[in-house]
1. One residue is enough: does the stretch 139-151 have a residue meeting the conditions surrounded by 15 or more Cβ atoms within 10 Å (Cβ to Cβ), at pLDDT below 70 and either among the acidic types (Asp, Glu) or within 23 Å of Pro64 (Cβ to Cβ) (or both)?
2. From (1) part of a strand (DSSP E or B); (2) farther than 11 Å from Ile41 by Cα, pick out the condition that doesn't hold for Ser248.
3. Could you list, ordered by first residue, the pairs with Cβ atoms under 6 Å in which the first is in the stretch 225-250 and under 22 Å from Leu186 (Cα atoms) and aliphatic (A, V, I, L, M) and the second is assigned to a loop (DSSP other than H, G, I, E, B) and at pLDDT 80 or above, at least 6 apart or interchain?
4. Restricting attention to strands (runs of 3 or more DSSP E) lying wholly within the stretch 155-238, give those where 3 or more residues are modelled with pLDDT of 90 or more and closer than 20 Å to Glu250 by Cα.
5. Can you name the residue in the stretch 314-340 that is without any contact (Cβ under 8 Å) to a residue 40 or more places away in the chain and outside any strand (DSSP E or B) and, of all such residues, is surrounded by the most Cβ atoms within 10 Å (Cβ to Cβ)?
6. Among what's in the stretch 301-313 and is crowded, with 18+ Cβ neighbours inside 10 Å and in contact (Cβ under 8 Å) with a residue 60 or more places away in the chain, pick the residue that is nearest to Ala35 (Cα to Cα).
Amino acid sequence: MRYLYIFAIALSLTACGKSAQQQNQARPVAVKFEAATKSNIARSFETVGELKADREVQVAAERPGQVEYIYVREGSYVYEGQVLAKIKGEDASADLDQAQSDYDSFKALYEQGAISHQELLKYQTVLKKAQSTISNLEIRSRISGIVGQIYIDPGDFVKLGDAIMDVVKNRPLRVSYSIPEKIIPLVKLGQLVEVTNDAEPNKIIKAYIDFVSPRVDPKTRAILIRARIDDNAAANLKANQFVKVKQSIEEHTANIVVRETAIYLEQGQEYIYLAAKDPAASDNKSARPSYKNGQQVDSGLIAKRVPIKTGIRNDEGMVEIVSGINNGDLVIYAGLHSIYPGAKLNPIAED
């Protein structure tokens, strides 16, 4: 008798448990969903790059001597061939006068047949060297650009090859950066690159790839990329400045795109839950929540789990759906923690 009593209690508890579970399963699950739409989606790569001038030249002394004049200031714009500085050359002028006099005298002797042509060439060489020395007294710019740092002052003595000043051609600037070996096939000449810097983080400057290195760095397994900046909005950017680089490396057009939060993985298969019409519901129930006396009534929707195949993902949390759902399907993206196939849905409006 005692055992029958215990068995009856256990049976009653089991029935109660099943009843509670059935009630929980019958309770609508609060979810948010939206219609799947077709849109363009791109996968991007981000890294840090360095800005490089189109040309950067360090102007050097072409002969030793004392600096006599500096004709430009730091920040000045100069043209190719413009005189930047001058070195005193009294000794050079004297050497030139002597070389010219010697050449004229020996040329007259050559014309009289007193010396050979070979001997005249020696004096001609001395004259050309003296003329070159005079020419090197004036230090000229080899490019058009902006004068950077000036390293000397008038009166300073310089040796052959000493730095005089920098001249930088900043237009156009080029951004240099590296990409990993695995995405090399996705990078091509002419692709768009977006450049930003910490000084103006909301300002996006466009650049276009014009160089892809023909070799992979054996140490980093990366490849050097350079992109040309033609945008006039880049006026505040400087050579050797570090910038942030964002490059679209793959773009698909007009495919179905959904939120990444709507997708979950189970045993290697990706799934999405759709808000689908309940076959058992009456025909007058719609996909939108309805209310009566302040309380929401049955929406007539249930959760439908479908396997999907995904494509590329972007940085905004959107994912391309290659197969599994159609344009316009109602994709559940919030409330998935308690959902299950066939669950009745309680749609929650956006905040």
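The values are calculated or read from the model by the stated rules, or taken from the named source; none is laboratory data. Quick caveat, the model's predicted, so the values are computed rather than measured. Virtual Cβ from ideal backbone geometry, glycine too; neighbours counted across all protein chains shown.
1. no
2. Condition not satisfied by Ser248: (2).
3. As it stands, the answer is Ile229/Pro172, since those pairs meet every condition given.
4. Working: elements: 163-169, 173-180, 192-197, 200-212, 222-229.
Ranges flagged: 173-180, 192-197, 200-212, 222-229.
5. At the first step, the residues of the stretch 314-340 found to be without any contact (Cβ under 8 Å) to a residue 40 or more places away in the chain are 316, 323, 337.
Now narrow it down to the ones that are outside any strand (DSSP E or B): 316, 337.
On the way: Glu316: 10, His337: 6.
Looking at the filtered set, the residue picked out is Glu316.
6. Per the criteria, the residue is Ala303.
So that you can scan it fast, the table gives a plain yes or no per residue for (1) within 30 Å of Arg63 (Cβ to Cβ); (2) in contact with a Lys or Arg (Cβ under 7 Å, 6 or more places away or on another chain); (3) of a type in the set (Ser, Thr, Tyr):
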{"residue": "Gly148", "(1), (2), (3)": "yes, no, no"}
{"residue": "Leu160", "(1), (2), (3)": "yes, yes, no"}
{"residue": "Leu192", "(1), (2), (3)": "no, yes, no"}
{"residue": "Thr196", "(1), (2), (3)": "no, yes, yes"}
{"residue": "Arg221", "(1), (2), (3)": "no, no, no"}
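Let's see how each residue does on (1) modelled with pLDDT of 85 or more; (2) buried (at least 17 other Cβ atoms within 10 Å of the Cβ); (3) closer than 15 Å to Ile348 by Cβ:
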{"position": "Glu260", "(1), (2), (3)": "yes, no, no"}
{"position": "Ile263", "(1), (2), (3)": "yes, yes, no"}
{"position": "Ile272", "(1), (2), (3)": "yes, yes, no"}
{"position": "Ala281", "(1), (2), (3)": "no, no, no"}
{"position": "Lys285", "(1), (2), (3)": "no, no, no"}
